[in-house]
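Asks: Here you go, one structure.
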Amino acid sequence: MTVSATILNVNDDDATRYLSTRTLKMAGYQVVEAATGQEALRLAVEVRPDVVVLDVKLPDISGYEVCKRLRANPETASIAVMHTSATYVTPDKKVRGLEGGADAYLTEPFEGEELIATVRSLLRMRRAEQQLRRRTESLEEADRRKDLFLAMLAHELRNPLAAITTAVGILDRRPPVDAKEERMISIIQRQTNHLARLVDDLLDVSRMTRGKVELRRARLDLRGVLEQVLTVFRPLADNRKLTLESSLPSVPLWMEADTTRLEQVFTNLLDNATKYTDAGGAIQVRVEPVARNGLAGAVVRVKDTGIGIHPDVLPSVFDLFAQADESLERTRGGLGIGLTLVRSLVELHEGQVEAHSEGPGKGSEFSVWLPLLPEASVEPRDVVLPDLVKRRRHILLVEDNADARQALQDLLETWGHRVEVAADGLRGLELAVQRTPELALVDIGLPGLDGYRVAEELRAKMGRTIRLVALTGYGGTEDQTRAREAGFDLHLVKPVRPDDLDRLLSQL
């Protein structure tokens, strides 16, 4: 029988070592011998055996110490170790050896069959560990490639979405020819916004599973977040012939939270409510102060009269890719990731989310509990609103996507701005130096000289005399950090709604 495994046999007793080596060689193993602990450590690094048969009592250092050092060295940490001893045979000595990193323990004298059977067992274990390690590495590499693919996919999807959003924004600012055209523009707006949310959710759930989502906390009134979300959803509810009712407290609900992420939570919940409720139904949003575990807090309840949730589905409704609508026609759409994001974002805010339903056809209710700031920490502050004075600006637009560039140029010029355009980074730098614009909207994924390099060069040549805005399909936290480090004042993720862009331009 031919066996490729190599065994390092470590024992200072010549006769015992000879017998073990002969038994192992007869079983087909390759055997390397060592009589001391130091020699065993050297050979373990040089030979990389599959198993070390290690006597506990050695003349220089103990087998316990040899095993400890093998485990501490990354080059030898995965080698299987079997302790042997004729003297250290009490249970406490065996426990010490096993807890010190040994995989097995044999008491001398032992039969050859016992030695071979133990070695085979250790080899099976080592092969299983190697297969598991290779599979883990393969999964990690696949996960890395998936994340890279999702980032590139989002970037490629956001470019056409940005062009569509901007073009529709221009059309929406002129009187429609007739009611049919007005309906078509409204449809394009809704579906484009839906696609943009799907792209954002897909990327966010990938970042969430890797623990790469960071909150940008600030002091805020929870009511303001809900009012903003409700303002967006009232027209959608009207279009679907749904009744949207809300009951918000008259006093502020102060908390430390990430405004964008909380909006994402309640947007997903209301999006589900409108999606799973048929025309004529109703949606209620209610907020009430509720303390939990001695902490001040508030519960936001989003209740609908929609299709409800089956009892079998309810326990897993927050799981990734879980779907309330599992019918073949999939009329409700969705990727099954929105509620996973809701739970993760709520828990990042030290909150809790729960789902309730009496069953199919009986509607559903989602309740989100969030901690509030203690009353003692809430100091009255004067709210200073920015003076949004609209004025014409000299703007440089650097964008390699022709449709997105043309649509955004037309939109900016419609607002009365003077616009210079460039299709690559080098041309953008030239125009910036020659024409000295007040503001530059710069795409990141530019050919030749990318947007980060453009920002760095502009800061070096023009200092703070120009405001720089990254307008890009790369929307991760690391992308935002890199943009700030490159010198950008703002980082906007495509597609940017025209109203939002107009407001930001007024604030800069």
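The values are calculated or read from the model by the stated rules, or taken from the named source; none is laboratory data. Quick caveat, the model's predicted, so the values are computed rather than measured. Note that each Cβ is placed from the backbone with ideal geometry, even for glycine, and that neighbours are counted across all protein chains shown. For the accessible areas, the whole protein counts, side chains as well, though only heavy atoms, and no ligand, DNA or RNA atoms are used. Shrake-Rupley method; radii C 1.70, N 1.55, O 1.52, S 1.80 Å.
Asks: Suppose we keep only residues that are β-branched (V, I, T) and open to solvent by 50 Å² or more (accessible area, probe 1.4 Å) within region 71-106. Which one would you say is modelled with the highest pLDDT?
Replies: Residue satisfying both the conditions and the ranking: V95.
Asks: Is one or more of the residues making up region 470-481 aromatic (F, W, Y), part of a helix (DSSP H, G or I) and in contact with a strand residue (DSSP E or B) (Cβ under 9 Å, 6 or more places away or on another chain)?
Replies: No; the residues of region 470-481 include none that is aromatic (F, W, Y), part of a helix (DSSP H, G or I) and in contact with a strand residue (DSSP E or B) (Cβ under 9 Å, 6 or more places away or on another chain).
To keep it simple, each residue is scored yes or no on (1) surrounded by fewer than 18 Cβ atoms within 10 Å (Cβ to Cβ); (2) farther than 22 Å from D147 by Cβ; (3) touching a Lys or Arg at 6+ places or on another chain (Cβ under 6 Å).
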{"position": "E430", "(1), (2), (3)": "yes, yes, no"}
{"position": "Q434", "(1), (2), (3)": "yes, yes, no"}
{"position": "G448", "(1), (2), (3)": "yes, yes, no"}
{"position": "R453", "(1), (2), (3)": "yes, yes, no"}
{"position": "L458", "(1), (2), (3)": "no, yes, no"}
{"position": "T472", "(1), (2), (3)": "no, no, no"}
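Asks: If I ask for residues that are in contact (Cβ under 8 Å) with a residue 12 or more places away in the chain and open to solvent by 70 Å² or more (accessible area, probe 1.4 Å), which ones from region 172-195 would you list?
Replies: Those that are in contact (Cβ under 8 Å) with a residue 12 or more places away in the chain and open to solvent by 70 Å² or more (accessible area, probe 1.4 Å): D172, R173, I188, R190, L195.
Asks: Another question, then. Run L335 past the list (1) of a type in the set (A, V, I, L, M, F, W, C); (2) open to solvent by 20 Å² or more (accessible area, probe 1.4 Å); (3) modelled with pLDDT of 85 or more and report the number of the one that doesn't hold.
Replies: Result: L335 fails condition (3) only.
Asks: Would you tally the residues in region 272-286 being in contact with a helix residue (DSSP H, G or I) (Cβ under 7 Å, 6 or more places away or on another chain) and touching a residue at least 60 places away in the same chain (Cβ under 8 Å)?
Replies: Result for region 272-286: 1.
Asks: Condition first: under 28 Å from D258 (Cα atoms) and modelled with pLDDT of 90 or more. Can you find one or more residues in region 315-327 that meet it?
Replies: no
Asks: Ok, one more. Which one of R158, R174 is over 28 Å from the mean Cα position of the chain (by Cα) and among the basic types (K, R)?
Replies: It is R174.
Asks: Looking only at region 220-240, count every residue that is part of a helix (DSSP H, G or I) and within 28 Å of R183 (Cα to Cα) and tell me the total.
Replies: Total meeting the criteria: 14.
Asks: Which of the residues belonging to region 32-67 are more than 17 Å from N11 (Cβ to Cβ) and either surrounded by fewer than 16 Cβ atoms within 10 Å (Cβ to Cβ) or free of Cβ contacts under 8 Å to residues at least 12 places away in the same chain (or both)?
Replies: Scanning region 32-67 gives V45, E46, R48.
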